[in-house]
């Protein structure tokens, strides 16, 4: 097996690239920027949105498996960004080239946003798909087109519907880093809807899930989730405990934005059938995220002072 990875510089891709290295799995990365520590020989520079780009180099790469994570991911704006449609076209073009140059197996990142969120517990083969956002609709459209494309070429497609990932390396504007900054007193406190419950999954477990989906038996949609939703108020308390801070000021503030459905979780039975299970406890995952965020903030402060 030789893996071609896109989105290796992103939140999830960084962790998957590290896992591929640790497991000694032959791999090559395609993207705009070469990840640190990756040799030139294992990197192919490409702008995915450039439709004129010749992708015949894939044949020389000789990758048998593709993990496609690259997409528009700007926090907040990605939900409505017109770039989503461009990424549908870019993804189809890229996967088609992979299929035409000898590829055998594709793992691509979808989203729980493809589901009808009026159904609190989502099952891959039972819950209706009714995305309510531009992002969710684009992911679902991409899945449909890749299913047809891969079937035409006899290539297996495993579609990862990722729920609510968190952990080291995530954007500072996302929920946990924002909570950490507020509870440390370095950012203004903000209100959350503490009663909402979400299926939070640690990024290291997302990476192992994607790796499990590379096996020959993996085909079709898979919920990348824990199956165990956690109340946002409990997340606030766990972060506060890791920081020895008081969660009450945040929990007392009103939530000023639409918090969405009260409960949203994913059944992960199909993923577990591949031998996967989440390996990181919630307490350990929160502690890891807190340490990483504090470390990143300290490094940023040092860099700012040095400049």
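The values are calculated or read from the model by the stated rules, or taken from the named source; none is laboratory data. For clarity, every value in this text was computed on a predicted model and none was experimentally measured. Backbone-built Cβ (ideal geometry, glycine too); neighbour counts: all protein chains shown.
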Test: residue in region 52-65 that is touching a strand residue (DSSP E or B) at 6+ places or on another chain (Cβ under 7 Å) and either under 21 Å from residue 133 (Cα atoms) or modelled with pLDDT under 90 (or both): yes
Candidates 189, 131, filtered to the one that is at pLDDT 95 or above, under 28 Å from residue 254 (Cα atoms) and in contact with a helix residue (DSSP H, G or I) (Cβ under 9 Å, 6 or more places away or on another chain): 131
Residue within region 270-280 that is at pLDDT below 90 and surrounded by fewer than 12 Cβ atoms within 10 Å (Cβ to Cβ) present: no
Failed item in (1) under 16 Å from residue 10 (Cβ atoms); (2) touching a helix residue (DSSP H, G or I) at 6+ places or on another chain (Cβ under 6 Å), with residue 81 passing the rest: (2)
Strands (runs of 3 or more DSSP E) contained entirely in region 7-81, each with at least 3 residues that are buried (at least 17 other Cβ atoms within 10 Å of the Cβ): 26-31, 65-68
Selection count where residues are under 26 Å from residue 66 (Cβ atoms) and more than 23 Å from the chain's Cα centre (by Cα), scope region 158-201: 0
Residue check, residue 71 modelled with pLDDT of 95 or more and within 23 Å of residue 198 (Cβ to Cβ): yes
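Can you find a residue that is touching a helix residue (DSSP H, G or I) at 6+ places or on another chain (Cβ under 7 Å) and either without any contact (Cβ under 8 Å) to a residue 12 or more places away in the chain or surrounded by fewer than 22 Cβ atoms within 10 Å (Cβ to Cβ) (or both) anywhere in region 147-154? Steps first, answer last, please.
Kept after step one, since they are touching a helix residue (DSSP H, G or I) at 6+ places or on another chain (Cβ under 7 Å), are these residues of region 147-154: 149-150, 153.
Among the residues that remain, those that are also either without any contact (Cβ under 8 Å) to a residue 12 or more places away in the chain or surrounded by fewer than 22 Cβ atoms within 10 Å (Cβ to Cβ) (or both) are: 149, 153.
Looking through region 147-154, at least one residue is touching a helix residue (DSSP H, G or I) at 6+ places or on another chain (Cβ under 7 Å) and either without any contact (Cβ under 8 Å) to a residue 12 or more places away in the chain or surrounded by fewer than 22 Cβ atoms within 10 Å (Cβ to Cβ) (or both).
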Which numbered condition residue 228 fails, given (1) modelled with pLDDT of 95 or more; (2) touching a helix residue (DSSP H, G or I) at 6+ places or on another chain (Cβ under 8 Å); (3) surrounded by fewer than 16 Cβ atoms within 10 Å (Cβ to Cβ): (2)
